[in-house]
Amino acid sequence: MIWQDFACGDYIESEINLALKAWWPRLFGYHLLKLGPLSSAINSLHCQINYHFSVYQDPKASINASPKHLPIQQNCIDAVLMTALLEYESDPYQILREVDRVIVSGGYVIIAGFNPISPAFFGKLMPKYQSQLPWSGHFYMPSRVKDWLGLLGYQVLTDDRLVYHHLLTLYPSKFGWHNRLQNWLPSTGGMYLIVARKLDSPYTPIRDKQKIKAPNWSTAPSAGRSGLRVK
């Protein structure tokens with residue numbers, strides 16, 4: 001799977017690259033994991049992280065492996081990039097759990113996916129396009145993706161929209177209706193870009209009060225028996 005397999009794939013890739021320009025200088029560390037073949041094509045030259053590598057099932061990947069079972073030890077990845085990956089996986093939450101296993105505390109997750117509340121969803125309603133990319137995948141609501149991240153203990157830093165176009169024609173016009181849509185309904189971009197950070201809970205779990213036994217004062221030593229003289 002490459003961007004050229006998608007309707008307006010080059011345009012989508014350029015929009016994601018443009019949106020990530022502001023984020024790359026903010027990320028630091030040793031390892032950036034690009035998960036999936038589409039993520040591997042994203043330009044990350046301006047990222048401050050030292051080593052960038054990709055994981056997906058293809059000999060062209062840095063590591064040829066399934067995203068569901070990453071051959072990576074726990075807590076060693078500083079940032080993970082996923083672009084149009086969850087849409088084509090049977091168990092997207094398992095992907096996120098596996099990412100959570102390998103990412104360090106304070107690490108970042110960047111997810112770009114297709115937004116069902118957008119003109120890009122039109123193709124899923126037309127039989128002609130339903131078997132084509134990107135419409136052959138499952139478009140998840142951005143709110144659902146954020147709920148998954150919240151369950152795993154992530155703080156969402158941004159939830160932006162990109163690609164205000166239905167993707168049914170080659171490229172959007174600079175003066176088309178989609179440019180007005182971006183001003184009128186900014187939440188209806190064809191793609192979402194979510195950036196979240198992994199946080200460790202600072203709170204100590206509260207024990208069940210019913211399991212805490214009250215002291216039995218009738219068996220406690222009295223002041224006289226303890227050797228203390230009571231005036």
Legend entry - Reciprocal mean inverse distance between Cα atoms of the stretch 5-140 - Kirkwood radius, Å: 15.6 Å
Legend entry - Separation in nanometres of the label points that stand 7 Å from Cα toward Cβ, at residue 2 and residue 75: 4.0 nm
Inset, instruction - Grab the Cα-Cα distance for residue 93 and residue 43, subtract it from 0.36 nm times how many residues apart they are, and report the gain in nm with one decimal. - result: 15.4 nm
Inset, instruction - Grab the other residues whose beta carbon is less than 14 angstrom from that of residue 68, score K and R as +1, D and E as -1, and report the net. - result: -2
Inset, instruction - Lys and Arg at +1, Asp and Glu at -1: add these up for the other residues within a Cβ distance under 13 Å of residue 1 and post the number. - result: -4
Legend entry - Net charge contributed by nearby residues that have their C-beta within less than 14 Å of residue 194 (K/R +1, D/E -1): +1
Legend entry - Selection of trypsin sites (Lys or Arg not before Pro), the stretch 1-37, meeting DSSP coil and at most 12 other Cβ within 10 Å: 21
Inset, instruction - Leaving out ligands and nucleic acids, note down the accessible area per residue over the stretch 1-91 with a 1.4 angstrom probe, in whole Å². - result: 48 Å²
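The values are calculated or read from the model by the stated rules, or taken from the named source; none is laboratory data. Every value quoted in this text rests on a predicted model; they were computed, and no experiment measured them. Because the Cβ atoms are built from the backbone with ideal geometry, glycine has one as well, and the counts that use them run over all protein chains shown. To get the accessible areas, we keep the full protein, side chains included, count just its heavy atoms, and leave off ligands, DNA and RNA. Shrake-Rupley method; radii C 1.70, N 1.55, O 1.52, S 1.80 Å.
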